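Worksheet for the structure shown next.
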Amino acid sequence: MVLRSISHPVAIVSVVVALVATIALFPQQLAHWRPEWVGLVVIYWVLRAPKTFGIVMAWVVGLLVDVLRADILGMNALAMALIAFMVLASHQRLQLFPVAQQALVVFLMIGLAHMVVHFLHQVLGETGGGFDYLLPAVTSGLIWPVFRVFWDFVNRKLE
Amino acid sequence: MNRGRFINTLFTQGPLIGSRLVLVVLLSGALIGMDLYLPYGDRVRSWLMTGLTPVYWLGNAPDRVIEWGSDLTTSRSDLLQKNKALESRLLVLERRAQRYTALAAENARLRELLNASEKLDDRVLVADVIGVTPDPLTHEIILNRGETDGLTEGQAVLDAHGLMGQIVHTSAYSSRAILISDDSHAVPVEVNRNGLRAIMLGTGERGRMELAHVPDTADIEVGDLLVSSGLGGRFPQGYPVARISSLEHDPGEPFARVEARPLAKLDSSSLVLVVFSGGAATGSAMEPESAREED
């Protein structure tokens, strides 16, 4: 099944939902495990509509995440742009992967982007050690199949 | 047609994405540098935060719906009971306030005798906590008041029990406050019993604070109340901050290990007070019954 189109209202809604989910709707005690919702949305739309939703778009969305997370401006923007780049560079293959393999790639991409951000934070002396920063990548990978099926379903309903 | 679209999208990638990535990486680098070393970062953040107000609003919506639902389903007898409890509590507090006004007047007279300047009471503004910063390593909350309510950076934030933190960033309709438990935060405090000064550091844990550089011989005990000392000019003087929870004298260490538990309910208060020191508040701030009225 090759579904490649972007429905602007759905895209906007999905981005807003992801932004809201970045700051709310998750128990505070498990905050370390919060999936990278915006990263998932970026992967989803770049995979689906690589022409419309590209690196620059992902960067802009990432900038909003910076503000929401009270992070240094540009950090998450860079991460999202990197994710978009990685998806763009491999989207023909990625489309054909079975869902489990896709989930693994999602984990790797988000993990890699977070590693870059974590590295920058450490260089700037903003954060300590540990590998906790990779937990969101794990949950993102795990949730990817459901995430993808859900937004595919929404898109098909509205097409 | 499907085939056409497929072929169309097959060749979307090209040399363009590489150059775009370089562009975006440079842009990010510039932005990171600007945010760290130049003052414009705050303004950009402020604009974006104002634009993101609906997102904050939506993020807070589930809590509000739950609150509304529980309001709706509270029974009449529960309400009556609650009302009665509140009334009796109000009586107790009013009695205390009666004594307080007399004491405040007396204090003002005594300070006059000492030729000290009179202490002004602070004005406060009530704000709702509409969010928590999602990064689990920082302790910050988002308030639903911003520049339009007269909030500025550095104002102290309290809840009903004690000092919570201070405003670190404002936008038009919301602002961000750092909590005293954040590991990058420190409050100048004094022991209420004897005026011993100390600096209280956040540790990154909600219920534990540390006092830095307390000499082994200092007169400090478990259970002592710590109030803000007003030194440093950030926090107004005299608000309760924490209570000493443990004290350890290690002969091998130059200083005592002193830990304290914050009095404010840092992770559960949903209504907070923002303090305008020296009465520089806007019209929407509440007027306290200040000691001046009695003069």
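Among the candidates B:Asp182, B:Asp135, the residue that is acidic (Asp, Glu) and either in contact with a helix residue (DSSP H, G or I) (Cβ under 9 Å, 6 or more places away or on another chain) or surrounded by fewer than 18 Cβ atoms within 10 Å (Cβ to Cβ) (or both) is uniquely B:Asp135.
Looking at (1) exposed (fewer than 12 other Cβ atoms within 10 Å of the Cβ); (2) at pLDDT below 85; (3) assigned to a helix (DSSP H, G or I), which one does B:Ser88 not meet, given that it meets all the others? The single condition B:Ser88 does not satisfy is (2). Does A:Val67 count as within 20 Å of B:His139 (Cα to Cα), touching a helix residue (DSSP H, G or I) at 6+ places or on another chain (Cβ under 7 Å), without any contact (Cβ under 8 Å) to a residue 24 or more places away in the chain and among the β-branched types (Val, Ile, Thr)? For A:Val67, the condition - within 20 Å of B:His139 (Cα to Cα), touching a helix residue (DSSP H, G or I) at 6+ places or on another chain (Cβ under 7 Å), without any contact (Cβ under 8 Å) to a residue 24 or more places away in the chain and among the β-branched types (Val, Ile, Thr) - is met.
Could you grab me the full set of residues in region B:68-100 that are under 19 Å from B:Ala160 (Cα atoms) and of a type in the set (Val, Ile, Thr)? Selection gives B:Val92 alone. Looking at region B:62-76, is at least one residue surrounded by 10 or more Cβ atoms within 10 Å (Cβ to Cβ), facing chain A (nearest Cβ under 10 Å) and either touching a His at 6+ places or on another chain (Cβ under 9 Å) or not aromatic (Phe, Trp, Tyr) (or both)? Checking region B:62-76: at least one residue is surrounded by 10 or more Cβ atoms within 10 Å (Cβ to Cβ), facing chain A (nearest Cβ under 10 Å) and either touching a His at 6+ places or on another chain (Cβ under 9 Å) or not aromatic (Phe, Trp, Tyr) (or both). Scan region B:213-247 residue by residue and report those that are surrounded by 12 or more Cβ atoms within 10 Å (Cβ to Cβ), of a type outside the set (Lys, Arg), closer than 10 Å to B:Glu259 by Cα and more than 15 Å from the chain's Cα centre (by Cα). Those that are surrounded by 12 or more Cβ atoms within 10 Å (Cβ to Cβ), of a type outside the set (Lys, Arg), closer than 10 Å to B:Glu259 by Cα and more than 15 Å from the chain's Cα centre (by Cα): B:Val222, B:Ile244, B:Ser245, B:Leu247. Please indicate, with yes or no, whether at least one residue in region A:100-111 is on the phi < 0 side of the Ramachandran plot, part of a helix (DSSP H, G or I), facing chain B (nearest Cβ under 10 Å) and among the aliphatic types (A, V, I, L, M). No, that holds for no residue.
A residue that is in contact with a helix residue (DSSP H, G or I) (Cβ under 7 Å, 6 or more places away or on another chain), modelled with pLDDT of 80 or more, assigned to a helix (DSSP H, G or I) and basic (Lys, Arg) cannot be found anywhere in region B:56-68.
Step by step: first the residues of region A:27-46, then only those that are facing chain B (nearest Cβ under 8 Å) and surrounded by fewer than 21 Cβ atoms within 10 Å (Cβ to Cβ), then the one that is modelled with the highest pLDDT. Which residue is that? Among those that are facing chain B (nearest Cβ under 8 Å) and surrounded by fewer than 21 Cβ atoms within 10 Å (Cβ to Cβ), it is A:His32. Do you know which of the residues in region A:53-83 that are farther than 18 Å from B:Gly51 by Cα and either basic (Lys, Arg) or more than 10 Å from chain B (Cβ to nearest Cβ) (or both) is surrounded by the most Cβ atoms within 10 Å (Cβ to Cβ)? The residue in question is A:Ile83. A count restricted to region A:100-159 and to residues that are surrounded by fewer than 16 Cβ atoms within 10 Å (Cβ to Cβ), among the aromatic types (Phe, Trp, Tyr) and closer than 26 Å to B:Gly204 by Cα stands at 2.
The values are calculated or read from the model by the stated rules, or taken from the named source; none is laboratory data. For clarity, every value in this text was computed on a predicted model and none was experimentally measured. FYI the Cβ positions are ideal-geometry reconstructions off the backbone, even for glycines, and counts take in every protein chain you see.
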